Each structure stands twice: as structure tokens, then as C-alpha cells.
1. Which of the residues that make up the range 480-503 are open to solvent by 60 Å² or more (accessible area, probe 1.4 Å) and closer than 30 Å to Ala215 by Cβ?
2. Name every residue in the range 285-298 that is touching a strand residue (DSSP E or B) at 6+ places or on another chain (Cβ under 8 Å) and either open to solvent by less than 20 Å² (accessible area, probe 1.4 Å) or β-branched (Val, Ile, Thr) (or both), in order of residue number.
3. Restricting to the range 249-268, name every residue that is surrounded by fewer than 15 Cβ atoms within 10 Å (Cβ to Cβ) and among the hydroxyl-bearing types (Ser, Thr, Tyr).
4. Scan the range 453-479 residue by residue and report those that are among the small types (Gly, Ala, Ser), surrounded by fewer than 17 Cβ atoms within 10 Å (Cβ to Cβ) and either touching a residue at least 60 places away in the same chain (Cβ under 8 Å) or closer than 20 Å to Glu494 by Cα (or both).
5. Which residues, counting only those in the range 418-442, are within 43 Å of the chain's Cα centre (by Cα) and of a type in the set (Gly, Ala, Ser)?
6. Can you say whether Asn799 is modelled with pLDDT under 50, touching a helix residue (DSSP H, G or I) at 6+ places or on another chain (Cβ under 9 Å) and of a type outside the set (Gly, Ala, Ser), as far as the supplied structure shows?
7. Mind listing whichever residues of the range 47-72 are touching a Pro at 6+ places or on another chain (Cβ under 8 Å) and modelled with pLDDT of 85 or more?
8. Would you pick out the residues in the range 172-185 that are open to solvent by 10 Å² or more (accessible area, probe 1.4 Å), closer than 28 Å to Asn678 by Cα and modelled with pLDDT under 75?
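The values are calculated or read from the model by the stated rules, or taken from the named source; none is laboratory data. Nothing here was measured: the structure is a model prediction, and the numbers come from that model. Quick reminder, even Gly has a Cβ in these numbers, built from the backbone with ideal geometry, and neighbours come from all protein chains shown. When the accessible area is computed, the model is the full protein with side chains, heavy atoms only, and any ligands, DNA or RNA have been set aside. Shrake-Rupley method; radii C 1.70, N 1.55, O 1.52, S 1.80 Å.
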Amino acid sequence: MKRSLFFVAIFIFISIGTFAQSPTGSISGKITDGGDQKIIDAATVSLYKSPDSSLVKINITDKQGNFQFQNLKAGGYFLLASSIGHLSTYSPIINLKDGQHLTVATLKLEHEIKTLKGITVSAKKPFIERKIDRTIINVDASITNAGTTALEVLEKSPGVTVDKDGNVSLKGKPNVMIMLDGKPSYLSGDQLASLLKNMPSSAIDQIEIMTNPSAKYDAAGNSGIINIKTKKNKMHGINGSVSATMAQAYYSKPNTSFNINYRTGKVNLFGNYTYSLWQSHRDQTIIRRFRDTSTKQLQTIFDQDIISHHRSDYSGLKAGMDFYASPKTTLGVVFSGYLNPYREISNNQTNLNNAQNRTDSIVIADYTNKGNSKNFSTNLNFWHKFDSSGKEFTVDLDYLDYEQPASSLLANSYFYPDFTVRKSPNALIGDLPSNVKIYSAKTDFTIPLKDAGKIETGLKSSYVTTDNDAVYQNQTANGTTVDEGKTNHFIYKENINAAYINFSKQIKKWGMQAGLRAENTNAKGHQLGNATHPDSSFTKNYVNLFPTVYVSYQLNDKNTFTADYGRRIDRPDYGDLNPFYYFLDEYTYEVGNTLLQPQFSDNIELTHTYNGFLSTTINYTKIHHVFTDVIKQITSERKTFQTKENLASKTTYGIAVSANFPVTKFWSTNLYSNVNYNAFSGVLDGGNLEINATTFMGNMNNQFKFKKGWSAELSGFYRSKSIEGEIVIDPMWRMDAGVQKLILKNKGSLKFGVRDIFNTQNFKGNINYEDIDAYISNYRDNRTFSLTFSYRFGKPIKNQQHRRTGGASEEQNRVKSGGN
């Protein structure tokens, strides 16, 4: 905790030092839509120096479309204004005198590119943009993102943490809903981690982080929504980009991507293809101490070392068409899918030691898991704008199909300490196919009101079926027989129907938004039974209401306060309900839980923003019936397994401070720090679980811009001790660095980066609860060197309309996949 306070103190000291050097001039203005003159709130306004186009400050417009840059030195400047659905607009050169307060002419975001005469603009998007309701990560703006994966980009995003299994948390809270292009990924757990590990960062345009979404979004995800937006070219004619990366860690990891767009007349065709060969090396240690359940005297120690190699070949393809039937009506279709054959090979040696830690026997388990995750999805979308006031109607229809054939082989050999054979070897063979089909329909209607008011309303319905069939066979010297105790067949069907209404209005300095979402869930699970579990089924039907409230107040030009509240739900992943066994060895496995219930959370946030760049947020979350990974033990059989269970509750308090500002004319920085207190309280295996920890997390991203197209980056993060259920996790940190050179008339670039320079991002943790006493360490080949070449081609766009994305989101987030 002392170290956490030290970091926060340094952070505040840097911010105060920045204020102390304040000049006196200011530039203010307003942003409107060039077509209908409507006010554009939350537009991004960047201020540059005119002599060298160096970035000075970034701001966003308020609810009236106003912006202001204060404390400016005398000199020449120009502005760059941008907003989603509009093209960027530049201001003329502004000559500011000492102490002068200038109001520039209104900047209108037209559907055409305006050229700026007299200077050469070499500006690019900042790595982090902070909007009123979300934080945006511009992936290509970070040099060290080149050659990485989507999961690795998330790891360095402010407030985001990724655990040893690839699960994502936001501000210390797990169960984030991951969306792809505005629709649910319908993936979760192993499947989502596998997809993010194999999706190259070159295929991603932006990552949007929303900690408390409005009622318009699915209520799933107790800590908010992370929306991954893939690249979509928006140019006339033929335009696109190519990228190729060679990354080297323990193994090589090449990836390539190609994006293309062709627009003519009323038709727009687009597509992209990505390929990634992902390989990893892992050295994992698990030490378990088994004690007498009555006397607690130490009896046995299992010392387990696992070395594994994982390989997957990911190929992803997206293609679609937009048809602009009229200036007010657009029809679209998108086809996408991926193939991801994977294989994991691990060698697991477990020394079975006595209480004096002397080895009595050895078990060696050679494990192979292979399969091919396949996905195909289709989205049909319709958009209609009724008039210039902003009244519009949208429809999304989605179909997704996941096929995941998989097989496993666990071969066990038994030895004495001198490696002479103790007993005959055996093997467990698994055939584990899984199929998921998802259907979704969604419609939204936006009705503008007078005096800066707006009503949004909509409906959504989804239907999901999952079919998981596991057949296990025991292989011994006497032949092969079906293992009836482990063989299982589980079918799950779920229908969710939702309706929402959202009202927002601006009254002078006050901004207000209130919404209500109702969701009706109908689920049915059927376990066909095996030798140990009879045929059984369950049915769940429930209706829940999810209110959201948002209030903002602009005290003056420098200070804005916001407060928001939202209630959310997390339903168990489809795979977590699946009662199948997944083995690491005969003593260690994972199993699902058909009895899992949804968890509900109440979230409150209070935020203060100073001068458009310094933001402080206090948050509180209470999760009811929280479910989390728990480690359980069958002491008499010396077996340990992981499953998910509902605990009583989890409480989180936190404070986050973030800032982005230029340190010098060539150096800009983004700083983020978060201190949160997490406490689990409940009953587990008949014992009272009371565990808590205060965790500090800090992110730093420094961008350096030099002459002749050179730039560099230095970034990193630190996380102190934290908890995940019963597991207490040791601190971890990481530093990244990279350099970039623009080539080929600034249309191409070469990037060289090093990720985790000191190879310090490794997991270590321990469990000490009831009769479980275990230590876990997980070392991966995190240090990675990468070289990336990228090139873009095409001409500026005119009259481009916004392309629709799909409406499926929460269901896709909950499918498990192989290849992890």
C-alpha cells in the first residue's frame, strides 16, 4: 500500500508541475455538422503548432459543441477537428499574441476532405482518446503494438488487466463483455482468449472501453464493455493497406493482414484477410501440500512441473457490401469467419513426495490436445434517416455458427525415484466435439427532441443452442474401453428478449441521461447422463430490470463533474455450465457446473475532469451471487480441480487518475493509475471465505516524435499484489519500447519493437484456504522482438456514409473455444 501511495503522489506531482508552467493565452470555438448545422458533442479537437505540426493539446467538445484551449504561449497554431461518422476538418493558421483570448470561426465537419495550405501536416491519432462515455485506444498509434495480438494490446490499455488464463478485467473487476465491431463476440473463457491471442493487432483499428454503458447496450458484463473495432476502409475507388510482421520470442510468430475497399456509385465493397501463426512456450510449476483433514499435519507434497508448446494457425476473413439506396437509406451485408487449427503438447512430471519432501514416486503425463475451431457469421443491416433532425431507424439480423472438433490424449507413466517402472502405463483418450448456433435480431429507433433532447428505444431477441458431446476411453495393456464415468453429453438452449428506452437532455450546464432495460431470459439444459450422473435437466425463466442514470455538470471552462449509476448482469458462459472434465493430468483437472446462477452488480462512478486532460474517477461496485474460479480438493484421492461457483458477494472500491499532455514539443505522455480494494465474502465448501486486497495498477505510454519521419515509444505497466477468488497473486510489471520510420512518401512504415524487455510479466500466486495449500508459477516467453512493415494505398474519400455494424454482442461473448 505504501508503494501504491508513492506512485499516486508522483503522478499528482507531475500534474502540478505541469500547471506551474502555464502560459496565459487561450483559443476557443465551436464544432457543428456541415450538413444540417447540428451541434456535435464529444468531437475530438487537436491543437498543433503551425511551424512543425507538433501536437500541443487534445480536447473534446461539450454538450453545446464548445471547446477551449487555455494557458497557451504566443505563436502560430492550427486546429484539427474530428468525430465519428464525419471527416476531419482543419482550421486556418491562428496567430496568438501574448495574453490574447481568441474565439475562432465555427468548424464544420463536412463530408469532404479540406486541404490545409501553407503547412505540411504530419499529425496522427493519439494512442488514447477520452470521450464523455468511453476511452478509445488507437492501436496503430502505438509503435510497440506492431506484431502483437489483440490480447497483448488489451494488456497495455489503461485500467485493463489480463490474468494467467486470458480472462479480462477492468478496473479490478472481472466479467467484461467483449464486443467485436459493435456486436457480441459470443465467445468466452478459453474460446475468447484463443481468438484474442490469435487476432493480430494489424487487423484492429480501435478499442473502445466503456465502464458504465447506457441502457442501449446489453446488460451483460458487470465491469463494462470493451468493443474491438476491426479496420474498415472508407475510401472511394480502390483503397487499402497491407501489413507483415515477423516476431521472435522462444518461437517465431509471423502474421500478415490485407485490407481492401472498392466504392463506386451506390455500391461499396470491402474485405480484409488476416493470418497469424501463434506459438508459445510455457513453464509452469504447481506445488501442493496435502494435510490430514483433522490434525492438519502435513502428509504429502506434490511437486509438479509442466513444460508446454502451443501452436495455432489463425486465418480470418471478412467481406461485405453496403448499398446506398438513397442519401437517407443504406442496406448492408457482412460475411465473416475464421479457421483456427491448434495443437498443444505438454510434458508434465509430478514428484509425489512424503512429508519430509523426499520423493516416493514419479508420474509423467504426456498430454496432447488438438482441434480446429471454425466460425462463420452473417450480418444483414438496414439504416434509415427520416430527416435532418437525426431521427433514424436501424435493424440488424445476425447468424453465427461455431464448430469445434477436438481430441485429447493423456498418457500416464509411473516410476520409482530412480525411474524404474512402478506400474504399467495407461492413457485416457478424449473425443470432444462442440457446436454452437446463435440467432439474433435487433432494432433501434432514435427520436430527437427540442432543446437538445433525445429518446432512444429498441428491441432485441436472441436464441442460442449448444451441443457438447464428450466420449472418453481408457487405454491399457488389456485394450481400450469406454470410460462411462467421464463420458457425457450436454445440450443447452437459451432465449433472451430485451427492450430498452433511453432519454437524454442538456439543460445549460447540466447534462442528464436516464434509461431502463428489461431482459427476459428462458434457458433449458439437458444432461443426457452417464454412469455417475443420471439423466437430468433444468429450466430457468426470469425477468430483470436494469436502470442507468447519468448526470454531468460543467462548473466552468476547466472543471466538469459527472456521476453515473448502472445495474448489470453476468450470465454463466455456455462452457462453464457444461459438466465435462478437461484434464491436465490424472490429479489435476477442470470441470463445469450446471448449477451456476447469474450474478448481478450495482455500479456507481463519480468523475472530475480538469481542463480536458486530467481525469479523476471514484468507483464503487457491489456484485451479488458472484461466481468465480475456485480451486477444490479431494484430499483422500490427492486430486485438485478447478470449477466455478457462486459465492455470496464481492465489493470493490476504487480511485483512478489519468492524464495526457505534451511534456515537450516532441514528447507527449499518457499516464494512468488506479487503486482498488476488492473483498470476497461468502461460503465455500462449508467454510467462511473472507479474502481482500488493495491493488495498485499504473500504465504509462510515452510517444516521441522526431524529424524526418522518425518516432519512438516507451511504455509499461505495474500491478501490485491482487486476488482472484482464493488465489493471492504476486506483483508483476512490464516495459515495452519501439521505434518507427515513415517511408515511401509517408505511405509506408517500418516499426521495430521489444515487448516485455526484462521478461518480468510472469504469474506467481498461492492459495491457502481450508485444506488447500498450493503455490503456482507460470513463466511464458513474453519477451518478444518484432519488425513490421505496413503500407497503405488509396485516395481521400468524399460523401462517405457511416457503415453499419452488427447487433449481436452478449451471446457471442459466452462461447468457449479451443486452441487456448
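1. Passing the criteria: Lys493, Ile501, Phe503.
2. The answer is Thr285, Ile286, Ile287, Arg288, Phe290.
3. Within the range 249-268, Ser252, Thr264 qualify.
4. Within the range 453-479, Ser461 is the sole residue that qualifies.
5. Ala427, Gly430, Ser434, Ser440, Ala441
6. no
7. Leu72
8. Answer for the range 172-185, where residues must be open to solvent by 10 Å² or more (accessible area, probe 1.4 Å), closer than 28 Å to Asn678 by Cα and modelled with pLDDT under 75: Gly172, Pro174, Asn175.
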